[in-house]
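Below is one structure, written out as structure tokens; comments come after it.
The values are calculated or read from the model by the stated rules, or taken from the named source; none is laboratory data. It should be emphasised that the depicted structure is a prediction, and the values quoted were computed from it without experimental measurement. Using ideal geometry, Cβ is built from the backbone for each residue, glycine included, and neighbour counts are taken over all protein chains shown.
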Amino acid sequence: MKDQAYNLRKLIRNYKDNKSNLSNKKDDKFNKEHSARVITITSGKGGVGKTNFTINLGIILSKFNNRVTIVDADLGLGNIDVVLGLVPKYTLANVLKEEMNIHDIKIKGPNGINIISGGSGIIDMLDLPKEKVKILIDNFLLLNDISDYILIDTGAGLNNSVISFIDAADEMILIVTPEPTSITDAYAVIKNIKDKNKKIKIVINRVETSKEGYEVFNKMNLATKRFLDLELENLGFIYEDSTVKKSVKEQKPFVIQYPNSLSSKGIELIALNLINNSTKIRTFNGFQKFVNKLFSNS
């Protein structure tokens, strides 16, 4: 794996040498009319490393001077506990009951990232009376003021809550592994996306070689272009790495526990890819548009 590590370090070094890619100075117009960049992170099947990816990506983005909020929209509430060793005391369900606002339920993760637990509130919000919808909209809009990136960690598959978040966000990251079932299930997710202009970014996790990663991506991209008239974006690969399992057991994100590992360098390069095209994606009304679309059917 030495050659892979060398190539990753070289790519990251090239990005960092180009200061325009990592400029931490906010354009004046964004300060006046700020809108967080909302990215839904999902997968066709469980067990592909989606939540682990989301947490570690959020930490790396925050290290590049971005304010990051992660919304845990996966009802398997053990995910945050597994990765970070944190147990959310309050969830969106408490917000719905008007017991507290969204700032009260957020918990701090590593490097200052904010984490919002969805809990049963994610299911409830799909069928709410208008007065409850207004409560959630008002609270969701509060996240915009404290975030540059809002990462929505959805459940796996095609249930209603997953599709709602995918449809609402302008961008999505789809986590895939080289396993045939993961590829076919990921294709099923893409096939069910209503907005054919949505920017779909693919991350291939647990690849043995870059060749394997490109083969998986090219296979998916060829199928979506041919049958769905939709082109995918290759956001990057994460190599098979024993430190990932170690970090889960230790309940410490691998980008913190093993910052020089192949998996950490892969996440760092993916974060740089996201930052590099942020000016092409971010719009002034992006977050408002996300919230409106999310609750439009309520």
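Points worth noting:
- Asn24 surrounded by fewer than 16 Cβ atoms within 10 Å (Cβ to Cβ), of a type in the set (S, T, N, Q) and at pLDDT below 60: yes
Each row is one residue, and each column tells you yes or no for (1) assigned to a helix (DSSP H, G or I); (2) at pLDDT 80 or above; (3) β-branched (Val, Ile, Thr); (4) over 30 Å from Val248 (Cβ atoms).
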position	(1), (2), (3), (4)
Pro259	no, yes, no, no
Ser263	yes, yes, no, no
Leu269	yes, yes, no, no
Leu274	yes, yes, no, no
Thr279	yes, no, yes, yes
Phe287	yes, no, no, yes
Lys293	yes, yes, no, yes
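- Within region 142-165, the residues that satisfy the criterion of being part of a loop (DSSP other than H, G, I, E, B) and closer than 20 Å to Arg37 by Cβ are Asp145, Ile146, Ser147, Asp148.
- Subset of region 188-205 (residues that are loosely packed, with under 15 Cβ neighbours inside 10 Å and in contact (Cβ under 8 Å) with a residue 40 or more places away in the chain): Ala188
- The number of residues in region 60-84 that are modelled with pLDDT under 80 and assigned to a loop (DSSP other than H, G, I, E, B) comes to 4.
- Output for region 146-163, where each listed residue is in contact (Cβ under 8 Å) with a residue 40 or more places away in the chain, surrounded by fewer than 22 Cβ atoms within 10 Å (Cβ to Cβ) and polar (S, T, N, Q): Ser161
To keep it simple, each residue is scored yes or no on (1) hydrophobic (A, V, I, L, M, F, W, C); (2) on the phi < 0 side of the Ramachandran plot; (3) assigned to a strand (DSSP E or B).
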residue: His103; (1), (2), (3): no, yes, no
residue: Gly119; (1), (2), (3): no, no, no
residue: Asp167; (1), (2), (3): no, yes, no
residue: Thr181; (1), (2), (3): no, yes, no
residue: Ala186; (1), (2), (3): yes, yes, no
residue: Ile204; (1), (2), (3): yes, yes, yes
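- Asp170 more than 20 Å from Asn56 (Cβ to Cβ) and charged (D, E, K, R): yes
- Taken as a whole, region 37-51 holds no residue that is in a helix (DSSP H, G or I), out of contact with any strand residue (DSSP E or B) (no Cβ under 6 Å at 6 or more places or on another chain) and on the phi < 0 side of the Ramachandran plot.
- Hits in region 135-168 - residues which are out of contact with any strand residue (DSSP E or B) (no Cβ under 7 Å at 6 or more places or on another chain) and charged (D, E, K, R): Asp138, Asp145, Asp167
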